[in-house]
């Protein structure tokens, strides 16, 4: 049987929040740790962000809690269209995705597309990493974040 995602590469659980400071502070208190630094997604010129096949100007804010093998990522969407904004809807906080590192992003994307999960959201980071979310909710009940990190595989 061919493996598309290695379950041992689970690296991330992600929430989206209307007020990142408020939700991150709740988790910091729960975990008994300092609230992590809040960062911004790079601009579209760097991130080449696509949402449902179209460029998106989104520059969501995010912070990350280190939880060992898995990190908790909290994202605050801005006013531009994005998977984050769509998932949040009118809620204060919502689940967004579970992330896995993949060795072959093209193979994973082709697998999901062949199984009715077209590309939903994609972006790149200046260090060369790519993230891609297939629209997998109908087939799997959740979104996956496929993280491709050249040199870390």
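Comparing 20, 137, 98 in a Gaussian network model of the chain where C-alpha atoms under 10 Å apart are linked, the largest mean-square fluctuation is found at 137. Once the Cα atoms are used to define both axes, helix 20-31 deviates from the longest principal axis of the chain by about 90 degrees. Give the distance, in whole Å, between the Cα centre of the stretch 62-78 and the Cα centre of the stretch 1-52. The distance from the Cα centre of the stretch 62-78 to that of the stretch 1-52 comes to 3 Å. Taking a point 7 angstrom from the Cα of residue 138 along the C-beta vector, which residues in the stretch 104-131 have backbone N less than 16 Å away? Label zone hits: 112-121. Taking Cα atoms, how many degrees apart are the long axis of helix 105-114 and the longest axis of the chain, rounded to 10 and kept between 0 and 90? Rounded to the nearest ten degrees, it is 80.
In angstrom, the C-alpha Rg and Dmax of the stretch 16-75 are 13.5, 40.
Can you give the helix-only mean residue ellipticity at 222 nm for the chain, where every DSSP H stretch with n ≥ 4 adds -39500 (n - 2.57) and the sum goes over all residues, rounded to the nearest 500 deg cm²/dmol? Value at 222 nm, helices only, nearest 500: -6000 deg cm²/dmol. How high is the FRET efficiency between residue 115 and residue 71 when r is their beta carbon distance and R₀ equals 30 Å, given to the nearest 0.05? Approximately 0.65, to the nearest 0.05. Annotation: peptides 30-38, 63-71, ranked by per-residue average of other Cβ atoms within 10 Å with the highest first, follow the order 63-71, 30-38. Given the choices [x] 9.3; [y] 13.4; [z] 16.6, mean projected area of the Cα convex hull in nm² derived from the coordinates of this structure is entry [x].
No lab work stands behind these numbers, since they all come straight from the coordinates. Please read all numbers here as calculations on a predicted model, not as lab measurements. Cβ: placed from backbone, ideal geometry, glycine included. Neighbour counts: every protein chain shown.
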